[in-house]
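One structure is given here, and the rest of the page talks about it.
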Amino acid sequence: MNDAAEPPVVAAIVLAAGEGTRMKSATPKVLHELCGRSMLGHVIAALRAANPEQLVVVTGQGRDQVEDYLKRLDPDAVAVFQPSQDGTGHAVRLALQALDGAAGQPIEGTVLVAPGDTPLLSVETMRTLAAHRAKTKVAAVVLTAMVPSPAGYGRIVRDESGNLARIVEHADATEAERAITEINSSVYAFDAAKLRHALAELTPHNAQSEEYLPDVVRILVKGGDPVGTVVIDDWREIAGVNDRVQLAQARAHLRDRLVTNSMRDGVTVIDPATTWIDVDVVLEPDAVVLPNTMLLGRTTIASTARIGPNCSLLDTVVGVGAVVRDATCEGAWIGPQATVGPYTYLRPGTRLLRGAKAGGFVEMKNAVVGEDSKVPHLSYVGDATIGERSNIGAATIFANYDGEEKHATVVGDDVRIGSDTVLVAPVTVGDGAYTAAGSVITDDVPPGALGVARGRQHNSFGWVEEKRPGSASARSAARSATPVTASGADLSSGATTDDNGSPDEPQGDDS
Ligand code: UD1
Ligand code: CA
């Protein structure tokens with residue numbers, strides 16, 4: 001649409017100096033977020049789509065926070081400070097003066113203006129608006145919409161022929177004007193020279209004693225310059241956000257838009273109403289998202305992966321065919337066919353290679369789990385490298401922290417770590433090695449060895465009979481099918497029972 005034949009968009013101006021009192025927040029209004037991006041970030045993204053040569057953000061209240069944010073978000077954008085909020089017209093005049101000053105001459109071409117509190121403005125709409133001005137060559141084009149409840153907005157007043165005559169602010173409007181349901185979005189495309197002349201004629205003689213940018217329309221029309229409109233179909237796209245109720249409504253609408261786009265791109269979303277997808281998330285076709293799932297930041301989900309229910313994934317990569325349920329993952333890399341959950345916490349630096357498993361009540365951090373290795377139950381794995389096809393028994397702890405520093409653990413291929421093992425880092429368990437259940441492993445276990453590190457069991461025979469005579473336990477012991485005497489003789493089989501777990505006992509659980 002914005003092809004080479006069209007005059008360039010010389011500048012885009014975002015109005016973001018207002019206080020946003022109704023947010024009741026220490027954070028400037030335009031920095032409040034929806035779907036992984038601030039309101040200001042959404043507006044800038046829409047304006048950038050029209051390829052403006054310069055992008056100016058007018059700052060005022062919360063200036064430092066907004067300018068810091070802008071430097072990170074869009075270093076090419078220029079902040080122009082409006083010391084007192086004397087109105088949207090005043091703000092645009094300051095921006096235009098700054099642009100003219102930087103260019104060393106009055107700029108020429110299309111100037112786009114948008115408020116910083118209209119986060120749902122789409123890329124397509126901005127392009128349409130710029131193209132409409134380029135095609136019609138009118139002095140200005142105003143983006144408008146029919147809204148169900150227009151209170152608070154500036155109303156679009158048209159003449160008998162239906163042409164735009166002026167915009168009247170709600171505070172200045174008559175009863176008849178307030179009945180008008182077509183409203184000003186506060187998004188405009190201007191001819192720079194016409195805008196400059198009209199801004200010079202603004203006065204603050206109105207209900208709010210401000211210089212209203214919408215008054216530019218009346219000034220242009222009076223001077224014989226027709227002003228066009230682009231009427232948008234879905235008014236919600238230009239809904240202004242002034243408080244947290246409107247912010248939640250805007251967020252829900254953006255959620256619907258993002259989830260709908262994903263479904264159109266081939267993603268199965270079981271419950272759109274409880275699925276939240278940030279703007280930078282990528283989902284491949286045939287991914288499946290189950291209810292109550294948040295995909296945040298730069299998360300990417302490959303084809304045929306199943307995520308949810310009840311997942312929160314931030315900056316996480318999920319491979320083809322992986323299954324992730326009831327999990328919180330941050331900065332994790334979940335390989336193809338890997339499985340995660342339920343009730344699993346994967347922290348930054350976790351890498352599950354192909355077919356690996358992080359099961360129920362497992363937490364991992366800075367850990368590589370090799371192909372087809374499994375950590376099925378109730379474990380903490382931190383600062384670790386695990387080879388291929390190894391099994392980490394239930395309730396194993398990688399003790400990586402000595403109270404001062406973190407240390408690494410290395411587990412080789414085809415290892416069997418017994419249940420309830422503590423691996424005290426730094427320590428290495430070689431390829432094909434075992435550890436006995438309940439061991440506290442402080443020394444390396446060589447390849448193929450069994451590491452046993454626990455006290456031997458001792459049974460005090462007849463202890464209950466002697467120390468708890470007459471108790472329920474004593475009575476049960478007396479009734480036992482295999483009564484054992486104080487000397488340890490098993491009266492039913494003749495075997496003794498003071499053997500300590502020999503290595504052929506079950507070690508862990510690889511289910
Ligand atoms: C404005 C429009 C109104 C339109 C509505 C759409 C004016 C006078 N009115 O009303 O016609 O229907 O938006 O949402 O323009 N700002 C500055 N400097 C100022 C004043 C405001 O930068 O001196 C910024 C604000 O931060 C905000 C934007 O301009 O991002 C709009 O200001 P706001 O006070 O929200 O205007 P509305 O009353 O919503
Ligand atoms: Ca507003």
222 nm mean residue ellipticity, helices alone, for the chain (DSSP H n ≥ 4; -39,500 (n - 2.57); rounded to 500): -6000 deg cm²/dmol
Report the one residue of Thr128, His90, Ser149 whose Cα lies farthest in the direction of the positive end of the charge dipole of region 87-149 (charges on C-beta: Lys and Arg +1, Asp and Glu -1; origin at the Cα centre). Thr128
What is the percent carbon and sulfur in the accessible area of the chain, measuring with a 1.4 Å probe over the protein chains and ignoring ligands? 51
Reported to the nearest 10 Å², Arg351 has, with a 1.4 Å probe, an accessible area equal to 100
Taking Thr409, Thr385 and ranking on accessible area (1.4 Å, protein atoms only), highest first, one gets Thr385, Thr409
Can you give me the P(r) profile for the chain? Cα pairs, bins 10 angstrom wide beginning at 0, each as a whole percent. 4, 16, 19, 15, 13, 11, 9, 6, 4, 3, 1, 0
Dipole moment magnitude, nearest 20 debye, region 229-269 about Cα centre, only Lys, Arg, Asp, Glu C-beta charged: 180
How about region 424-475: which trypsin sites (Lys or Arg not before Pro) there lie in a loop by DSSP and see at most 10 other Cβ atoms within 10 Å? Arg456
Per residue of region 315-327, in order, report the coupling 6.51 cos²θ - 1.76 cosθ + 1.60 (Karplus, θ = phi - 60°) as ³J(HN,Hα) in whole Hz, putting x for Gly and Pro. 6, 10, 10, 10, x, 4, x, 6, 10, 10, 9, 6, 9
Give me the number: length gained by fully extending Lys222 to Ser149, i.e. 0.36 nm times residue separation minus the C-alpha to C-alpha distance, one decimal in nm. 23.4 nm
Please compute one quarter of the surface area of the Cα convex hull for region 1-103 and express it in square nanometres. 7.4
Of Lys29, Lys194, Lys71, which has the most accessible area with a 1.4 Å probe, and how do the rest follow in descending order? Lys71, Lys194, Lys29
Per 5 angstrom bin, beginning at 0 and ending with the bin that holds the maximum distance, the Cα pairs of region 49-119 fall in percents of 3, 14, 26, 28, 20, 8, 1
Magnitude of the Cβ-charge dipole of the chain, K/R +1 and D/E -1, about the Cα centre, nearest 20 debye? 820
If you count only protein heavy atoms with a 1.4 Å probe, what accessible area per residue comes out for the chain, rounded to a whole Å²? 46
Per-residue accessible area for Phe81 at 1.4 Å probe radius, Å² rounded to 10? 80
Go through Tyr380, Tyr345 and list them by solvent-accessible area, largest first, probe radius 1.4 Å. Tyr345, Tyr380
Compute and list, largest first, the equivalent-ellipsoid semi-axes of region 354-409 from the alpha carbon gyration tensor, each √(5λ) rounded to a whole angstrom. 19, 12, 8
Ellipsoid semi-axes in whole angstrom, largest first, where each is sqrt(5λ) of the Cα gyration tensor of region 233-308: 24, 12, 11
Taking Cα atoms, the helix 123-136 axis meets the longest principal axis of the chain at an angle in degrees (rounded to 10) of 20
Convex hull volume of the Cα atoms in region 124-283, per residue, in Å³? 151
In region 148-202, what is the volume of the convex hull around the alpha carbon atoms, normalised per residue and reported in Å³? 110
Would you be so kind as to identify which of Val282, Thr428, Met364 lies farthest towards the positive end of the dipole of the chain, taking Lys and Arg as +1 and Asp and Glu as -1 on Cβ and the Cα centre as origin? Val282
Just to verify a number: what accessible area does Asp420 come out at with the full protein assembly present, 1.4 Å probe, Å² rounded to tens? 90
Cα extents of region 81-186 along the three principal axes, largest first, in whole Å? 46, 36, 28
Expressed in angstrom, Rg and Dmax over the Cα atoms of region 311-352 are 8.7, 21
Nearest-5 percent of antiparallel DSSP beta bridges in the chain? 20
Just to confirm my numbers, what's the Cα centroid distance between region 302-355 and region 219-266 in Å? 34
Summing Lys, Arg as +1 and Asp, Glu as -1, what charge do residues with Cβ under 15 Å from the Cβ of Gly18 carry, Gly18 excluded? -3
To the nearest 20 debye, region 4-96 has a Cα-centred charge dipole, built from +1 on Lys and Arg Cβ and -1 on Asp and Glu Cβ, of 280
Contour minus Cα-Cα span, Ser480 to Thr27, at 0.36 nm per residue, comes to 156.0 nm
I need the fraction of alpha carbon pairs in region 287-334 separated by more than 18 Å, rounded to a whole percent. 9
Pop a pseudo-label 7 angstrom from the Cα along the beta-carbon direction at both Gln97 and Thr136 and give the gap in nm to one decimal. 3.1
Mean projected area (nm²) of the alpha-carbon convex hull when region 225-366 is viewed from all directions: 10.6
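The values are calculated or read from the model by the stated rules, or taken from the named source; none is laboratory data. Since the model is a prediction, treat every value here as computed from it, not as a measurement. Don't worry about glycine lacking a Cβ; one is built from the backbone with ideal geometry, like all the others, and counts go over all protein chains shown. What goes into the accessible areas is simple: the full protein's heavy atoms, side chains included, and nothing from ligands, DNA or RNA. Shrake-Rupley method; radii C 1.70, N 1.55, O 1.52, S 1.80 Å.
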